[in-house]
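What follows is one structure encoded as structure tokens, with my remarks underneath.
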Amino acid sequence: MIRESLNTWRNVTEQLVRILDEREEEKRDAIISQIDELLNQRDVLQASIQEPFTDEEKTFGQTLLSLEKILQAKLKVYMKDIRLDISDQQKKKVSVHAYMDPYNKVFRDGTFYDSKK
């Protein structure tokens, strides 16, 4: 018989995998809060998953390990997407600022400095 904590762990991990498949930017904040909540649930469950394991639990654990690898890969992709969006926003911010004040880097005293030395 498989312990309830292992079944709950699998269910939470499957929920995480499903949530990470959504890519809508409008829902990103809600998705991140759900991910955080589910990861916290997994942290709590981890304390209750201790040896000794039965043979049935060991085979069940192998399926959990493969599911865990899938989850880790999806988390990395999701984090990468967030980092790319942040860097895009920073680039937009710089370009908008340069557009609003194009003479910001021009010296005001009328002298010319050659910057190609």
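Here are the numbers for this structure:
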read-out	value
Solvent accessible area, Å² - Glu68, 1.4 Å probe, full protein context	40 Å²
Fraction of accessible area attributable to carbon and sulfur, the stretch 14-101 (%, probe 1.4 Å)	57 percent
Potential lengthening between Val44 and Asn11 on full extension [0.36 nm per residue; Cα-Cα distance subtracted]	10.5 nm
Probe 1.4 Å - accessible area at Leu38, Å² to nearest ten	10 Å²
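The values are calculated or read from the model by the stated rules, or taken from the named source; none is laboratory data. Computed from a prediction, not measured in an experiment: that's the story for all the values here. Side chains included, ligands, DNA and RNA excluded: accessible areas come from the protein's heavy atoms. Shrake-Rupley method; radii C 1.70, N 1.55, O 1.52, S 1.80 Å.
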